[in-house]
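Heads up, the thing below is written out as structure tokens.
The values are calculated or read from the model by the stated rules, or taken from the named source; none is laboratory data. Worth saying up front: this structure is predicted, and the values here are computed from it rather than measured. When we count neighbours, we look across all protein chains shown, and the Cβ atoms used for this are built from the backbone with ideal geometry, even at glycine. What goes into the accessible areas is simple: the full protein's heavy atoms, side chains included, and nothing from ligands, DNA or RNA. Shrake-Rupley method; radii C 1.70, N 1.55, O 1.52, S 1.80 Å.
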6 protein chains.
Amino acid sequence: MEIKDLLTEKTVIRPDGRAVDELRPVKITRSFTDIPEGSVLIECGNTRVMCTATFTPGVPRWRKDSGLGWVTAEYSMLPRATAERTDRESVRGKVGGRTHEISRLIGRCLRGVVDMKALGENQIQLDCDVLQADGGTRTASITGAYVALVEALRWAEKQRRIRSAERVLKDSVSAVSVGIINGHPMLDLPYIEDSQAMTDMNVAMTGSGEFIEIQGTAEHRPFSRDELNVLLDLATKGNRELQAIQRTALAGAAS
Amino acid sequence: MEIKDLLTEKTVIRPDGRAVDELRPVKITRSFTDIPEGSVLIECGNTRVMCTATFTPGVPRWRKDSGLGWVTAEYSMLPRATAERTDRESVRGKVGGRTHEISRLIGRCLRGVVDMKALGENQIQLDCDVLQADGGTRTASITGAYVALVEALRWAEKQRRIRSAERVLKDSVSAVSVGIINGHPMLDLPYIEDSQAMTDMNVAMTGSGEFIEIQGTAEHRPFSRDELNVLLDLATKGNRELQAIQRTALAGAAS
Amino acid sequence: MEIKDLLTEKTVIRPDGRAVDELRPVKITRSFTDIPEGSVLIECGNTRVMCTATFTPGVPRWRKDSGLGWVTAEYSMLPRATAERTDRESVRGKVGGRTHEISRLIGRCLRGVVDMKALGENQIQLDCDVLQADGGTRTASITGAYVALVEALRWAEKQRRIRSAERVLKDSVSAVSVGIINGHPMLDLPYIEDSQAMTDMNVAMTGSGEFIEIQGTAEHRPFSRDELNVLLDLATKGNRELQAIQRTALAGAAS
Amino acid sequence: MEIKDLLTEKTVIRPDGRAVDELRPVKITRSFTDIPEGSVLIECGNTRVMCTATFTPGVPRWRKDSGLGWVTAEYSMLPRATAERTDRESVRGKVGGRTHEISRLIGRCLRGVVDMKALGENQIQLDCDVLQADGGTRTASITGAYVALVEALRWAEKQRRIRSAERVLKDSVSAVSVGIINGHPMLDLPYIEDSQAMTDMNVAMTGSGEFIEIQGTAEHRPFSRDELNVLLDLATKGNRELQAIQRTALAGAAS
Amino acid sequence: MEIKDLLTEKTVIRPDGRAVDELRPVKITRSFTDIPEGSVLIECGNTRVMCTATFTPGVPRWRKDSGLGWVTAEYSMLPRATAERTDRESVRGKVGGRTHEISRLIGRCLRGVVDMKALGENQIQLDCDVLQADGGTRTASITGAYVALVEALRWAEKQRRIRSAERVLKDSVSAVSVGIINGHPMLDLPYIEDSQAMTDMNVAMTGSGEFIEIQGTAEHRPFSRDELNVLLDLATKGNRELQAIQRTALAGAAS
Amino acid sequence: MEIKDLLTEKTVIRPDGRAVDELRPVKITRSFTDIPEGSVLIECGNTRVMCTATFTPGVPRWRKDSGLGWVTAEYSMLPRATAERTDRESVRGKVGGRTHEISRLIGRCLRGVVDMKALGENQIQLDCDVLQADGGTRTASITGAYVALVEALRWAEKQRRIRSAERVLKDSVSAVSVGIINGHPMLDLPYIEDSQAMTDMNVAMTGSGEFIEIQGTAEHRPFSRDELNVLLDLATKGNRELQAIQRTALAGAAS
């Protein structure tokens, strides 16, 4: 099945009326809060994630005197981001497996576009807190965290903590989910689709169209090489569009 | 010193130009997120707290078969609500003393206006997550949580989970901070004033003008009975104004 | 209602036969154990708290090179201080909210009478372990911890770790509970009264009659400004008597 | 670059002398220990993982009365599996992010080949403990855990806990790592190669040649669609060979 | 070396002037606190341990419907029982190895004299909290806990929760430490001796002179069979004396 | 009852057909894994423990600049070492009492034969991970850990980290369990016997026949001095045989 077939597949009706290769409406609000060096609210449909970037001089101990910087991320859900209230991980006394997995994913993706030498011995911590969850929270976090990262680097440049924000950024990065629902490959799954997906894939790509992270999981039905190719085409299209929205957001003055 | 003196004390200049007995601008956004039964964003100056109310049938085990409901609260700060990033309590593996103290305070204040019999064996969990902190986060949480609580009770009434939201509510509740800075009693302290306050007091009051909670602490300089009286006058004025804002917010349709 | 009315209120009968404005018998045993720099057993009726003070050179990291000392406190209940055995917090793996709240309260009250400059870069840790609980454990802890603090300062003076114990102490401090039971304001509530109190207030005062901490909570029935005033009168009377007992204990030689 | 090119790329010399598309020697020892329902030692080069499968009647609470079974996995490293001793997670008091991530991956892969209806309300827990680590521990865990799973199902069939082991198994599953080192795509990376890899991918495939999980990460250098295709070709070849070894192991009697 | 030699060994001078086979002064205060079913303060020289016994109907889940009772123990040190303040295990978030080891030892010793059938499905929890530590805290805990256990059983008999306290008690139990210091076997070591002991042994014995627990440890110098025999003679003498003190304490009315 | 009687006691039949004073077959595999400085698999009947020794320059902070080394141990069970799967302590978030107790025991025994001065400021960490448990895991751990310790010291000697392995070792150490089952003293109890034992004793001895640790526990039936003597005779015989096996293993080249 080719991507063209997908586009002409008029009979597939998604719960929100979108075409199979259509993103949900995306809105990026810059300087969402005033205090952090970078602060972004990203909304992908009903999914809303607050992404902040904290710039700190110095790096963790294991990286000292390397001349290299470090970028790390933490993801978390507010208790009522979900339909059923989730207990706070602070109250349960430990960070759960899913949270760990996503935090690590976000960190790797953002590190993938940062030139650690140009950053110097400085650390950027990205915090992605999900205010409302409707599928795709981890990919929205990556897309939003990139904008917060750029804000923080611009701040650091102005503060003369780094020489040039541009030189630190090797590329841009965004991420989107794709999946197969009832045999139909689809782009950007909200919760209702995600929970029915037999195959679910998160794809992070750079502005120049290469992959930083592919996580495809098919607990419910394995997928073929052909299906993989269609999913990657959809993800490529989605990421290209998300990157245009990132560029627009970053071109404007911070709100 | 009488409250009149305070009002005529023209020479006192606060960093943000307010009079000593003046609240910061307050904004209450209802239905801030779509999923919870009650969801409110309260902004008091630069302090912003997201308050959600979760309505669940049933009560904790120790309260079963009592015919009574239960109301509880959890407070938390996002890592970059503050100027310096605070480590997540989930990552540190335990809830800190300050968080515990504030969560318990919010819970007591809200329980103070709820008729547990009228609520029946249902539980309401209030989550107050500070998106940005500039002093008075615990009092803003109480004031905002009350509005979220009312939203949740109205929802429960519509869903016929309770007979009447109005009967559950014995009264309304709001809270405000007062303090003495350089000898001057003042209302509603932002962080810059709070950190200089010799005496700091949080006062939660009902709509009918009675006290639900008074927490006055004077680690840096004890306060006299007279000073206490001036502070209580200021708190009474502030709470009266906050309750008017609550009423207006609750009169409008949810956004 | 005036305090005079209270005293003439002959009809109010308390379970232990006390007048409404009467403290339970208080006994302070100094040098209760031999090892700590300060060690006190305070008994208020059936409530018994062991308070020790540990003097250590040096201060926590965040206070280094400030020239200032530090005072901190930890409160804990032995498992069978209560009628039903309480699980140990060490076994549960975390300090509970109530314990945190009380530890912080005791610390603030004691810091409120200490001149940190005169203490120099030394730390005093107060440990309040409740051997038996019958209401008022947090206020007994404050009253007893003050005596242990003085013992430790005198020890430090003798050891020439500080110049003068007297100069470190800006004032003395004690605390007492007051509350409203069935509409009657009362002083120093044992457990049986405390559990029925509609309003419950803990008041820490200095020897010179000023407030260091007021914590009034009225989860069950809000209280009016007039009631507050009666409660504060009762607390003032109680604290004055407690401070006389502290003085007597400190005048004698350590047992 | 095509897979053919890779095979003819004679100049690439790997530290252990293997061809770029060659697996390390694999050895699967069945019934490695006597107690568990399934127990396997898998050795991939110097990597050694002990995989046990525990069959228990009943399922976790959230799955009760669904008629469906459940499969879950836990991964762990012994302290001296690695060159530098790693502190035990039990001693540190929490499971780390990496461990969580891998445990979840193994669980998903194994669930991907199990027919939960045919398993009935029974649970299989897979424990993968790394005795020695030399790269590819997570993929070895998946490959070994599959054999332990089959052993446990055969046991359950003999014990008449399930009707037929064969019906529970929808397919077989194995996994292998691939990566790009200095621009050369390679199969089955030992630690020395893994630590130099710019791109690293773990690919779990079914016996029928479909994907269950693809996790490609390119923190150090993004990869193109063409490179992805070569990596997937290598992984397909590797998995096909691993599955032959699994079949041979399962054909023999348990040692 | 025979025990006789020991007794004539006049030249050995212990820091506190005792003979090598002499116990420190022992004092057992019954009903030390009022609330628990059993409450004892035991003082062995400067070591002071508060031992409480909690009687609860019912047993832990794993013992339900067995018709048997259960006895368990928890040991803990107050922070300033020791010369240097020890951090609370609740604050550190976990129970340490030494505490675990001692709690388990106390539990085993007390279970060793209880007829679980005669106890019926009831549980007794022994809490041993060290107020002051000067060596031998674990043996003092066992000796004191036995008296608290008897108090609790007598209470239970009076309350008709058990038929007969006497029938539950198969025997009495006490414990004492012995050790070898500079080649001299000695009874009942205070801290100063304990810290110099090359060999250290804790011996719990029944009233009828049999062993319930022997824990000999010789990290610093192994000991011979002959030395062991002398140590056991000393322990037998010490335990016989401790049991006489227990009997006297239990014969009197509770204070 | 004398040891001779035991040997002639022909009527006692043990589940595995052994004589009462006979060890289970013991097998020590050296260099079981390649990475650690010492690595041993010890099998005592069906009990199998992997013991590794990690040599690290430097000592814990509290021992710095003492010129002395340190030896410590950690014991753990894999989840399916036992018939019923045991939850991982990492997942439960804390190390249990039994684990703590055994880890401490192993550490003390090994320290008992090490000359800390000759070791110098180096640390050896022993990790004993039970792959399969059939009684006697703690004694097998001690016996195996000794061999791993020697391997690590020989490695350190070759690496010139220490002057001489031989000088560090003051003696050898092994351990074995003994117990009384139905009145019959027996050597080396497998699980089935251990669970029936009224008295259970673990005895660690040096090569020169002295005791390093005796832990006898008689929760179910106290034991007499005579019984103790028989048990110690059995333990002495068992340890002598284990030490012969250790010597043979250490004489051969590492596998």
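Determine the alpha carbon to alpha carbon distance for each of D:K64/D:K94; C:K64/D:K94; A:K27/A:K237 and list only those over 24 Å.
Details: D:K64/D:K94 28 Å; C:K64/D:K94 31 Å; A:K27/A:K237 18 Å.
With Cα atoms farther than 24 Å apart: D:K64/D:K94; C:K64/D:K94.
Taking the solvent-accessible surface of protein heavy atoms with a 1.4 Å probe, what is the per residue accessible area of the stretch A:183-255 in Å²?
Working: 2690 Å² over 73 residues.
In whole numbers, the stretch A:183-255 has 37 Å² accessible per residue.
Looking at the P(r) of chain F, how many percent of alpha-carbon pairs lie beyond 26 Å?
Details: 12788 of 32385 pairs.
It works out to 39 percent of all Cα pairs.
Which value, in debye to the nearest 20, describes the size of the charge dipole of the stretch D:131-183 about its Cα centre when Lys and Arg Cβ atoms bear +1, Asp and Glu Cβ atoms bear -1, and nothing else is charged?
Details: 8 positive and 5 negative charges, 84 e Å.
That gives a dipole near 400 debye.
Compute the distance in nm between two label points, each set 7 Å from the Cα along the Cα-to-Cβ direction, one at F:T56 and one at D:H184.
About 3.6 nm, to one decimal.
Nearest 0.05, what FRET efficiency do C:S208 and B:D194 give at R0 = 30 Å with Cβ-Cβ as r?
Details: r = 26 Å, r/R0 = 0.85.
It comes to 0.70.
Could you work out what % of the accessible surface of chain F is carbon and sulfur, using a 1.4 angstrom probe and leaving DNA, RNA and ligands out of the count? Intermediate results must be reported in sequence, preceding the final value.
Values: 4960 of 10030 Å².
So the carbon and sulfur contribution to the accessible surface is 49 percent.
In what sequence, highest mean first, do B:19-29, B:145-155, D:155-165, B:202-212 appear when ranked by Cβ atoms within 10 angstrom? It would help to have the intermediate numbers written out before the result.
Details: B:19-29: 18.0, B:145-155: 26.0, D:155-165: 15.2, B:202-212: 21.9.
Averaged packing, sorted descending, gives the order B:145-155, B:202-212, B:19-29, D:155-165.
If I take all pairs of Cα atoms in the protein assembly as shown, what percentage of them are more than 57 Å from each other? Mind showing how you got there, number by number?
On the way: 358520 of 1169685 pairs.
It works out to 31 percent of all Cα pairs.
Run the numbers on chain B and let me know its relative contact order in percent, using alpha-carbon pairs under 8 Å that are six or more apart.
Working: 552 pairs, mean separation 55.0, N = 255.
With pairs under 8 Å counted, the relative contact order is 22 percent.
Any idea which of E:S224, E:M205, E:A253 is furthest toward the positive side of the dipole for the stretch E:101-255, if Lys and Arg beta-carbons carry +1 and Asp and Glu beta-carbons -1?
E:A253
Which distances in nm, rounded to one decimal and ordered from shortest, link the label point of E:R61 to the equivalent label points in the other identical copies, with labels set 7 Å from Cα toward Cβ?
Copy-to-copy label distances for E:R61: 0.9, 0.9, 4.0, 4.0, 4.0 nm.
Determine the distance separating the Cα centre of the stretch D:110-125 from the Cα centre of the stretch D:89-104; give it in Å without decimals.
Using only Cα atoms to place each centre, the spacing works out to 24 Å.
In whole angstrom, how long is each semi-axis of the equivalent ellipsoid of the stretch C:73-117, when you take the square root of 5 times every eigenvalue of its Cα gyration tensor and sort them from largest down? Don't jump to the answer; show the numbers that get you there.
Details: eigenvalues 144, 24, 12 Å².
After diagonalising the Cα gyration tensor, the semi-axes are 27, 11, 8 Å.
If you count only protein heavy atoms and use a 1.4 Å probe, how large is the accessible surface of C:T56, to the nearest 10 Å²?
Number for this one is 50 Å².
In nm, what does the list of distances from E:A253 to its counterparts in the other copies look like, shortest first, when each label sits 7 Å along Cα to Cβ?
So the label point of E:A253 gives 3.5, 7.9, 8.0, 8.4, 8.9 nm to the other copies.
What is the interface area between chains B and A, defined as buried accessible area summed over both chains with a 1.4 Å probe, reported in Å² to the nearest 100? Don't skip to the end; give the middle numbers.
Working: alone 13010 and 13010 Å², together 23160 Å².
Result for this pair: about 2900 Å² buried.
Above 28 angstrom, tally the Cα pairs of the stretch E:115-255 and express them as a % of all pairs, no decimals. Provide the component values of the computation, followed by the final result.
Working: 2531 of 9870 pairs.
More than 28 Å apart: 26 percent of the Cα pairs in the stretch E:115-255.
Can you give me the Rg/Rh ratio for the stretch E:1-131, using Cα atoms for both radii and the Kirkwood formula for Rh?
Working: Rg = 18.9 Å, Rh = 17.6 Å.
Looking at the stretch E:1-131, the ratio lands at 1.08.
For the Cα atoms of chain C, what angle does the longest principal axis make with the long axis of helix C:225-251, in degrees from 0 to 90, nearest 10?
Approximately 40 degrees, to the nearest 10.
Find, to one decimal place in angstroms, the Kirkwood hydrodynamic radius of the stretch F:199-245, where the mean of 1/r is taken over every pair of different Cα atoms and then inverted.
11.2 Å
Considering the options F:A118, F:Q132, F:L105, tell which one lies farthest towards the positive end of the dipole of chain F, charges being +1 on Lys and Arg and -1 on Asp and Glu at the Cβ, about the Cα centre.
Projecting each Cα onto the dipole axis, the largest value belongs to F:A118.
Can you list the distances in nanometres, one decimal and ascending, from the A:G96 label point to the identical position in each other copy, with the point 7 Å along Cα to Cβ?
Going from nearest to farthest copy, the values are 2.3, 2.5, 2.6, 2.6, 3.5 nm.
Using R₀ = 30 Å, calculate the FRET efficiency as 1/(1 + (r/R₀)^6) where r is the Cβ-Cβ separation of B:R63 and B:S164; round to 0.05.
That gives a FRET efficiency of 0.90.
Assuming R0 = 30 Å, can you tell me the calculated FRET efficiency for the pair B:E84 and E:E84, based on Cβ-Cβ distance, to the nearest 0.05? Can you show the working numbers first?
Working: r = 33 Å, r/R0 = 1.09.
Step by step, r from the Cβ atoms, then E = 0.40.
Which value results for Rg/Rh of the stretch B:135-195 when Rg is the Cα radius of gyration and Rh the Kirkwood radius based on the inverse mean 1/r? The partial results should precede the final answer.
On the way: Rg = 16.7 Å, Rh = 13.6 Å.
That ratio is 1.23, to two decimals.
Identify, for chain A, the residue whose C-beta comes nearest the rotation axis onto chain E, and round that distance to whole Å.
A:G93, 4
Rounding to the nearest 10 and keeping the result within 0 to 90°, find how far the Cα-based axis of helix C:137-158 lies from the longest principal axis of chain C.
Roughly 30 degrees, rounded to the nearest 10.
When the convex hull of the C-alpha atoms of the stretch D:28-78 is computed, what volume per residue in Å³ does it have?
Working: hull volume 5.5 nm³, N = 51.
Cα convex hull per residue, to the nearest whole number: 108 Å³.
Over the stretch C:111-160, what number does the Rg to Rh ratio reach, with both radii from the alpha-carbon atoms and Rh per Kirkwood? Provide the component values of the computation, followed by the final result.
Values: Rg = 12.8 Å, Rh = 12.3 Å.
A ratio of 1.04.
Which whole-angstrom value gives the distance between the alpha carbon centres of the stretch D:137-213 and the stretch A:145-200?
29 Å
For the stretch F:59-150, what is the convex hull volume of its Cα atoms per residue in Å³?
Numbers: hull volume 9.0 nm³, N = 92.
Convex hull of Cα atoms, per residue: 98 Å³.
What dipole magnitude, in Debye to the nearest 20, does chain F give about its Cα centre under +1 on Lys/Arg Cβ and -1 on Asp/Glu Cβ? Don't skip to the answer; put the middle values down first.
Values: 34 positive and 35 negative charges, 197 e Å.
Charge dipole, chain F, about its Cα centre: 940 debye, nearest 20.
For the stretch F:35-115, what relative contact order do you get, as a whole percent, if you take Cα pairs closer than 8 Å and at least 6 residues apart? If you can, show how the numbers build up before the last one.
Numbers: 64 pairs, mean separation 18.1, N = 81.
22 percent.
How much net charge surrounds B:G96 when only the other residues with a Cβ under 12 Å from the Cβ of B:G96 are counted, with Lys and Arg +1 and Asp and Glu -1?
Details: positive: B:R88, B:R92, B:K94, B:R98, C:K94, C:R104; negative: B:D87, B:E89, B:E101, C:E101.
Charge balance near B:G96 sits at +2.
Within a 10 angstrom radius of each residue's Cβ in C:37-46, how many Cβ atoms of other chains show up on average? Whole number is fine.
Working: counts 2, 1, 3, 0, 1, 0, 0, 0, 0, 3.
Mean shielding by partner chains, rounded to a whole number: 1.
Tell me the Kirkwood radius of the stretch B:172-253: reciprocal of the mean inverse pair distance over distinct alpha-carbon atoms, in Å.
This gives a value of 13.0 Å.
Rounding to the nearest 20 debye, state how big the charge dipole of the stretch E:5-124 is about its Cα centre with +1 on each Lys and Arg Cβ and -1 on each Asp and Glu Cβ. Numbers along the way, then the final one.
Values: 20 positive and 16 negative charges, 71 e Å.
Computed charge dipole of the stretch E:5-124: roughly 340 debye.
So which residues of the stretch A:213-230 lose at least 50 Å² of accessible area, probe 1.4 Å, when you go from the chain by itself to every protein chain present?
Those are A:I214, A:E219, A:P222, A:F223, A:R225, which lose 50 Å² or more relative to the chain on its own.
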